[in-house]
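Below is one structure, written out as structure tokens; the observations come after it.
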Amino acid sequence: MENYVYTIIAMVCLVIMSAYFSATETAFLSMNRIRMKALADEKNKRAALVLRLSDNFDKLISTILIGNNIVNIALSTIATVFFVSLFKTNGATISTVVVTVVVLIFGEITPKGLAKDAADSFALFTAPIIRVIMIVLAPLNFIFAGVKVLMSKIFRTKEIKRDTEQELITIVDEAETEGDIDEEEGELIRSAIEFTDLSAEDILSPRVDFVAIPADATRDEIADAFADSGYSRLPVFDGTLDNIVGVIHHKDFFNRVVRRNLPLSEIVKPPVFITGSMKIFDLLRLLQQTKSHMAFITDEYGGTVGLVTMEDILEELVGDIWDEHDEIVENFIKLEENKYKVLGIAEVEDMFEQFDLEEIDKDEISSSTVSGWLIEQFGTIPSVGDKLSYQNLDFTVLDADAKRILEVEVLVQPKADEEDEDESSSKRRDKE
């Protein structure tokens, strides 16, 4: 009888050890590494140990698996002997059933669930213990590491290249969903991640939209241009916009030209010219180096395509920046249910996102604005009243000039799957 007591105690200890290994595995897989790093920066020694162990994750997981398997095999063996001694005929069967149920409930499912709910706390608790176990099982780890290398050579396993940027965005989305960061913080982080992918041509103001003054303009004409536009800087051109000769500042014009009667040429700053393919991250550094706030994009023939300002670049990070002189313009205006007015200058990608359309293939279009994209779809510059259908959207041109579309009306029709769902629900109601 005394032997039975010792056997039961041994089996209980083995179940506890099995639960420990299962919980440790889940804790290290589920812990918040960013929070752990913050604790380590605050001189938390256990957090630093957790990070060191997780950095050598292959050895850690190998130790956990070896320990867990040793414990479970020992438990099965002892339980079989125990139950066979009690039940001569069906002892092995009873042992298998009991051990399977106990290990699943108390050695796997329950400890893993508890460890997932308190992953950081359990990782901090278990780090010193698992480190000792790793030292004890080091010889076995060495053997299995060699086997792994051998199997990798035999089966020629290749590491899958990770899309790091997409992984980061996924992490941000999950953190936002779980409430670790709010929506504004998530949007700022996503903008920073995608910042280096944008080119100058993605954020330019086209030449037809920016305000510039001729080099021979009078003071009154320049003053009117500043007053009407509300801009603090204006490009200066000689002859045509394809020949930008510089940029003048509002403050320099009134302080030095108007008040001190200096010639306009004294305040004209040299222009910065770039190509449309230049990344805005590089452009930001270029503007900082040249102490400029404006760069002009030229095409392969030397013509002016548009301009990019420092404010345009910063808005890609923090969103639209409005001051007291800016007129707030809404690119998408809801007229009534499922009907919108869209400006031609709106971004095509924004429109696809706004109306939940299928992902657009950027290689199939050469325009970034709704106006340019619609002109591609029409095949010509449409007139007011012309209509076009695309996916579940019906477009009607509201305003256009000889060169581009200014405004369109968009009527959103139900998608095919939504229509089928409405029909099926209607049929169900009829049957009822």
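Close amide H contacts of D399 (hydrogens built in the peptide plane, cut-off under 5 Å, sequence separation of 5 or more or a different chain): L406, E407. In terms of packing, defined here as the mean over residues of other Cβ atoms within 10 angstrom, the peptides 103-112, 146-155, 273-282 line up highest first as 103-112, 273-282, 146-155. Here the label points at V84 and V147, each 7 Å from Cα along the C-beta direction, are separated by 2.5 nm in the simple model. Once backbone amide H atoms are built at 1.01 Å from N, L198 has I280 as its partners under 5 Å, excluding neighbours fewer than 5 places away on the same chain. Roughly what angle does helix 219-229 make with the longest principal axis of the chain, taking Cα atoms, 0 to 90 degrees, to the nearest 10? Between the helix axis and the principal axis of the chain, the angle is about 40 degrees. Per residue, the chain exposes 63 Å² of solvent-accessible protein surface, assessed with a 1.4 angstrom probe and all protein chains in place.
Shown here: the stretch 231-322, whose C-alpha atoms stretch 40, 33, 23 Å along the first, second and third principal axes, sorted largest to smallest.
Accessible surface of S383, taken over heavy atoms with a 1.4 Å probe and every protein chain present, rounds to 70 Å². Put a dot 7 Å past the Cα of K43, heading toward its Cβ, do the same for I181, and the two dots end up 2.9 nm apart. Ordering Q289, Q377, L137 by Cα displacement along the dipole of the chain toward the positive end leaves L137 in first place; charges were set at the Cβ atoms of Lys, Arg (+1) and Asp, Glu (-1).
For the stretch 65-83 versus the stretch 12-39, the inter-centroid distance based on Cα atoms is 21 Å. Rounded to the nearest 0.05, what FRET efficiency do T7 and N69 give with R0 = 22 Å and r taken as the Cβ-Cβ distance? Could you check? Computed FRET efficiency for T7 and N69 comes out at 0.60.
Computed over protein heavy atoms with a 1.4 angstrom probe, the accessible surface ordering of Y340, Y301, Y231, Y390, largest first, is Y301, Y231, Y390, Y340.
The charge dipole of the stretch 1-159, taken about its Cα centre with unit charges on the Cβ atoms of Lys, Arg (+1), Asp and Glu (-1) only, comes to about 520 debye.
The charge dipole of the chain, taken about the Cα centre with unit charges on the Cβ atoms of Lys, Arg (+1) and Asp, Glu (-1), comes to about 3860 debye, rounded to the nearest 20. With 29 Å as the limit, the listed pairs K334/K387; K112/K148; K43/K116; K251/K403; K334/K403; K279/K387 have K251/K403; K279/K387 beyond it between alpha carbons.
The values are calculated or read from the model by the stated rules, or taken from the named source; none is laboratory data. Remember, predicted model here, so these are calculated numbers, not experimental data. Note that we place each Cβ from the backbone using ideal geometry, even for glycine, and neighbour counts take in every protein chain shown. These area figures cover heavy atoms from the full protein model, side chains too; ligands, DNA and RNA do not enter into them. Shrake-Rupley method; radii C 1.70, N 1.55, O 1.52, S 1.80 Å.
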